[in-house]
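> Quick one: the structure is below, and I'll ask about it shortly.
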Amino acid sequence: MDLLNKLEILADAAKYDASCASSGTEKRDSRGARSGVGSTEGMGICHAYAPDGRCISLLKILLTNSCLYECAYCINRASSNVRRARFTVDEVVRLTLGFYRRNCIEGLFLSSGIIRSPDYTMEQVIGVARALRETHGFRGYIHLKTIPDADPLLLEAAGRWADRLSINVELPTEATLADYAPEKDMGGIRRSMGRIRLGIDAAREKTAPGRAKPQRFAPAGQSTQMIIGADASSDRTILRTSTNLYGSYGLKRVYYSAFSPIPDAAAALPLRPAPLLREHRLYQADWLLRFYGFGVEELATDNSGNLDLERDPKLAWALVHREMFPVDVNRADREALLRVPGFGVKSVGRILAARRHRRLRLDDLARLRISLATVAPFVVAADHTPRAELDSARLSARLALHPGRKPAQLSLL
């Protein structure tokens, strides 16, 4: 099989991995490198997306889509009837450098099916990163998908060459992972995450004068991915798992991937894809948990434990807790302002800075690019007090996602 055919198969096979992170690493340019190839510039990497959702600013590929494992939800499982291909280490290196020199990519995202054994597969993946860094002086971004069953020394080597590492937990609970992916072990996944966190923390420690600087280790941190809708786990269960992962392992991101039916699927899997809007709501809730001070039990209050698909999680919470509003933009503290629908972290910071100099009016909020249609029912300003609509049943309907209003892709033409 020629290289182009391999690339077609293995780039397409990688599209199911949503955790294609490409930011947060150390600033690094080509000066001082032997061949002067690659840069991160400390700004992350801007993504472009193909129509099927694939990120194409990183070369996002699998080393191989052959796999020993029989994960029910995976198109590349051992029993799947798909075309198989496998790159050599040298082929991946040549592709990465070739695409980079043509200004098509700014880094590499490399994952793989399990071949021979977890250790052998991990050695091959690390071999790509090592060759890029040592042989070719590549200083661009590298994200490696690591294999939790691999030897800890291999995880240590992966962190030395990669900017970011990720290990997918795949499913929200240990029980469902055992049912759908019998070769995988949630305990082993978490132990590997713990080892990676220890390596990251050690590399970030400040050293006393005269002592050796800790070895470089995955400066952009680690991430993971969960498949949404393949099992019966509720949004509440998913978000509890995410909260635990953030707290226990210092993850940069938990990525959510809506399940999509695959050919010759196991009978236990659903016949229909999970709604993409559910994936979107989970990302919104994830953000509220991490940066807005919300708790899981505040957001997933439905009896089913799922988020409201008609409204974003903050608006849904505000409509249930109307007694908390209106909030005075000239007096409220930061925590109260962050709970106002339509206010983001940056806009709250600007409000706090602006009100030191004058009492804010609605026009001032508009100048901060805040949607007055959204925030007006929930705030008091120098020239504004909400009308009785805050207590009206019509407010919920007015702010709900209109059933016929679907997002449309804008065109530059």
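> From largest accessible area down, sort 287, 317; use a 1.4 Å probe on the protein chains.
287, 317
> Would you please give the residues with an amide H less than 5 Å from that of residue 253, counting only those at least 5 places away or on a separate chain, with H modeled from the backbone geometry?
Answer set, sorted by chain and number: 224.
> Rank 109, 154, 120 by how far each Cα sits towards the positive end of the charge dipole of region 94-160 (+1 on Lys, Arg Cβ; -1 on Asp, Glu Cβ) and give me just the farthest.
Most positive-ward Cα: 109.
> At 1.4 Å probe size, put 91, 298 in order of accessible surface, largest to smallest.
The residues order as 298, 91, largest area first.
> Ignoring ligands and nucleic acids, what accessible area does residue 384 show with a 1.4 Å probe (Å², nearest 10)?
Surface open to solvent at residue 384 totals about 30 Å².
> Going down the table (314/346; 145/252; 60/145; 60/184; 15/145), which pairs top 19 Å between alpha carbons?
From 314/346; 145/252; 60/145; 60/184; 15/145, over 19 Å: 60/184.
> Keeping all protein chains in the complex and leaving out DNA, RNA and ligands, what accessible area do you get for residue 364 with a 1.4 Å probe, in Å² to the nearest 10?
Estimated to the nearest 10 Å², residue 364 gives 20 Å².
> Report the accessible area of residue 311, computed with a 1.4 Å probe over the heavy atoms of all protein chains in place, in Å² rounded to the nearest 10.
The value for residue 311 is about 50 Å².
> Please report the relative contact order for region 100-222, taking Cα pairs under 8 Å with a sequence separation of at least 6, and give it as a percent rounded to a whole number.
Worked out over region 100-222, it gives 24 percent.
> Mind checking the per residue accessible area of region 129-268 for me, 1.4 Å probe, whole number of Å²?
Computed with neighbouring chains in place, this is 41 Å² per residue.
> Then there's this: When we measure straight from the Cα of residue 6, which aspartates and glutamates land under 20 angstrom away, once same-chain ones fewer than 8 places off are left out?
Cα-Cα hits under 20 Å: 17, 52, 90, 91.
> Under the 0.36 nm per residue contour assumption, what length would be gained going from the current alpha-carbon distance of residue 302 and residue 277 to full extension?
Additional length available on full extension: 7.3 nm.
> Students sometimes get this wrong: rank 363, 286, 328 by accessible area, probe 1.4 Å, all chains present, largest first.
Final ranking, largest accessible area leading: 363, 328, 286.
The values are calculated or read from the model by the stated rules, or taken from the named source; none is laboratory data. All figures in this text were calculated on a predicted structure; none of them were measured in a lab. We place every Cβ from the backbone using ideal geometry, glycine too, and count neighbours over all the protein chains shown. Note: accessible area is taken over every heavy atom of the protein model, side chains too, but ligands, DNA and RNA are not part of it. Shrake-Rupley method; radii C 1.70, N 1.55, O 1.52, S 1.80 Å.
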